[in-house]
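Asks: One structure coming up, written as structure tokens, with questions to follow.
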Amino acid sequence: MSLADLVEAVRSGRSTARSIVDRAIAAASAQPFNAFTSIDEGATEAADAVDAAVAAGRDPGPLAGVPVALKDLIDQEGRPTTCGSSFLRTPALSSATVVGRIVAAGAVIIGRTGLHEFAYGFSSENEWWGPVRNPWDPDTSPGGSSGGSAVSVAAGIVPLALGTDTGGSVRVPAALCGCAGLKVTHGRVPLTGVFPLAPSLDTVGPIAGSTGDLAAGYLAMAGDDDADPWSVPKPLTAPGRAADLAGLTIGVPTPWTERRLDHTVAEGFTIAIDRLSAAGARVVRVDSPELDPRLLPRASYAEIGAVHRKWFSEDPERYGPSIRERLSVDLAHSSDAITGAAAWRAGLRHAAARLFEDVDVLVTPTVAALRKVIGEDTVEIDGESEPYRPALSWFTTLVNQMGVPALALPISVPGSPPPSLQVIAPWWEEARLLEIGLALEQAGVTGALPPVPRSW
């Protein structure tokens, strides 16, 4: 059952939001993956309100009765926003704009999901809350930082979850959990009420089981917000029917894609490219020396230190060891380094704009490796170990630095989880990107089943 099928069942009266939400809460309470920091038993009241609207003949909204999991970095009125930290426990006075919008659309938030502390990492192994575990293999990480949100979808608890993405934190866990994830153009979805990691890079995005489900979540959240200085008043277009793959020019960027890959990832990417070509797409290699993650200046993340300066200077021990050292580095950047990083980012965006003059989208793997064992700081790629952070973030971080939208989609090949394809579009072209995602699924290039049965 797709999210659209679930909504239609509620709207038609064939099912009730209460029964759907009750099953989701039961599944969330029983899950063994440490995916949630809290579960909202009061969500049943919101579900009852949806059913009452249906009974009264009122429009219950485009997400009527959809149970949603919310990353514990996004404010929800009356509930603590812990950010996966050791010390934040104060209930939020109001909900984030995105929460208000999805609730107004009829969705029901059933709980808040675990994450890497303050969203500053790619494993969701949290010193204070314990590690979030991957449903495909509980000994492995689901990726991060939105690990709990991806797990809630992969474990069949909810059809839709919200995460944040500053360097890949929606796409990386989507990839490691065999889900679909959307990173939007910076400024497309409001950040009001979302605890910042790096505000000039932060985005909020959906994680779901398919492109169509991503589109439903995206449309409910996106749009300008006067309260958010990062929000941009660009027209919002809904995706239409699936794109014609035969009319696309798809770029494979070098040197970005020239790095060692896990054999499952490499084989899956090759198969995806071959299937795109067979579907009539023109796949070309495009060279841009600027698109090289090795050039990324560490000072590009100096603003992370600024967010935490006061708390960190008062008591650095309140932060876990995995991010304490990184925050120390972020707080030590010189003004020259920060200025140089800003110039590098401008050059990267200029280079990306030139590439998009010749191609419709770029494609890369989403991650270089799919299996990161909990408690280990390395991943194994073809028998060799390397640090896990660059292996997981290699293909995602540049997208945030560019500010463009991207999809992470599971490739239709065997795997536990299957390898993931990243599709990158020009600024503000989420609708076109989602139409391409629909086409990829229809053509059998992407799409996968979850590792466990769905509760909904």
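The values are calculated or read from the model by the stated rules, or taken from the named source; none is laboratory data. These numbers were taken from a predicted model, which means no experiment stands behind them. Cβ sites come from the backbone with ideal geometry, for glycine too, and all protein chains shown count toward neighbours.
Asks: Here are some residues: ALA246, ALA238. Which one is out of contact with any His (no Cβ under 8 Å at 6 or more places or on another chain), free of Cβ contacts under 8 Å to residues at least 40 places away in the same chain and surrounded by fewer than 18 Cβ atoms within 10 Å (Cβ to Cβ)?
Replies: Answer to the check: ALA246.
Asks: Let me ask something additional. For segment 202-216, name all the residues that are touching a helix residue (DSSP H, G or I) at 6+ places or on another chain (Cβ under 6 Å) and either surrounded by fewer than 24 Cβ atoms within 10 Å (Cβ to Cβ) or in a helix (DSSP H, G or I) (or both).
Replies: THR211, ASP213, ALA215, ALA216
Asks: Here's another thing I want to ask about it. Pick out, from segment 1-86, the helices (runs of 4 or more DSSP H) lying fully within it that include 1 or more residues that are at pLDDT below 95 and touching a Cys at 6+ places or on another chain (Cβ under 9 Å). If you could, list the steps in order and put the result at the bottom.
Replies: Numbers: elements: 3-12, 17-30, 43-55.
No helices (runs of 4 or more DSSP H) qualify here.
Asks: Go through segment 291-397 and tell me which helices (runs of 4 or more DSSP H), entirely inside it, have 1 or more residues that are under 30 Å from PRO135 (Cα atoms). Give the derivation first.
Replies: On the way: elements: 302-314, 321-330, 335-355, 388-393.
Per the criteria, 321-330, 388-393.
Asks: What pairs come up if the first residue lies in segment 41-56 and is closer than 13 Å to ARG11 by Cβ, the second is aliphatic (A, V, I, L, M) and modelled with pLDDT of 95 or more, and their beta carbons are under 6 Å apart, counting only those six or more places apart or on different chains?
Replies: Listed by first residue and then by second, the contacts come to VAL50/ALA17; VAL50/ALA64; ASP51/ALA17.
Asks: Read through the list (1) under 28 Å from HIS186 (Cα atoms); (2) touching a residue at least 60 places away in the same chain (Cβ under 8 Å); (3) in contact with a Lys or Arg (Cβ under 9 Å, 6 or more places away or on another chain), then give the number of the only condition that ASP262 fails.
Replies: Going through the list (1) under 28 Å from HIS186 (Cα atoms); (2) touching a residue at least 60 places away in the same chain (Cβ under 8 Å); (3) in contact with a Lys or Arg (Cβ under 9 Å, 6 or more places away or on another chain), ASP262 breaks only (1).
Asks: Another one. Name the residues in segment 380-399 that are under 24 Å from ILE273 (Cβ atoms), under 21 Å from the mean Cα position of the chain (by Cα), crowded, with 19+ Cβ neighbours inside 10 Å and touching a residue at least 40 places away in the same chain (Cβ under 8 Å), would you?
Replies: Selection gives LEU392, SER393, TRP394, PHE395, THR396, THR397, LEU398, VAL399.
Asks: Considering only residues of segment 217-226 that are under 23 Å from the mean Cα position of the chain (by Cα) and assigned to a loop (DSSP other than H, G, I, E, B), which is surrounded by the fewest Cβ atoms within 10 Å (Cβ to Cβ)?
Replies: The residue in question is ASP224.
Asks: Across segment 148-192, what is the total count of residues that are assigned to a loop (DSSP other than H, G, I, E, B), touching a strand residue (DSSP E or B) at 6+ places or on another chain (Cβ under 8 Å) and under 25 Å from ARG454 (Cα atoms)?
Replies: Residues flagged as assigned to a loop (DSSP other than H, G, I, E, B), touching a strand residue (DSSP E or B) at 6+ places or on another chain (Cβ under 8 Å) and under 25 Å from ARG454 (Cα atoms) within segment 148-192 amount to 8.
Asks: Looking at ALA150, ALA155, ALA92, which is the one that is hydrophobic (A, V, I, L, M, F, W, C) and more than 27 Å from HIS308 (Cα to Cα)? Spell out how you get there, then give the answer.
Replies: Details: ALA150 fails: more than 27 Å from HIS308 (Cα to Cα); ALA92 fails: more than 27 Å from HIS308 (Cα to Cα).
Sole residue among the options that is hydrophobic (A, V, I, L, M, F, W, C) and more than 27 Å from HIS308 (Cα to Cα): ALA155.
Asks: Residue check: is SER385 at pLDDT 95 or above and within 21 Å of LEU160 (Cα to Cα)?
Replies: Judged against the criteria, SER385 is not a match.
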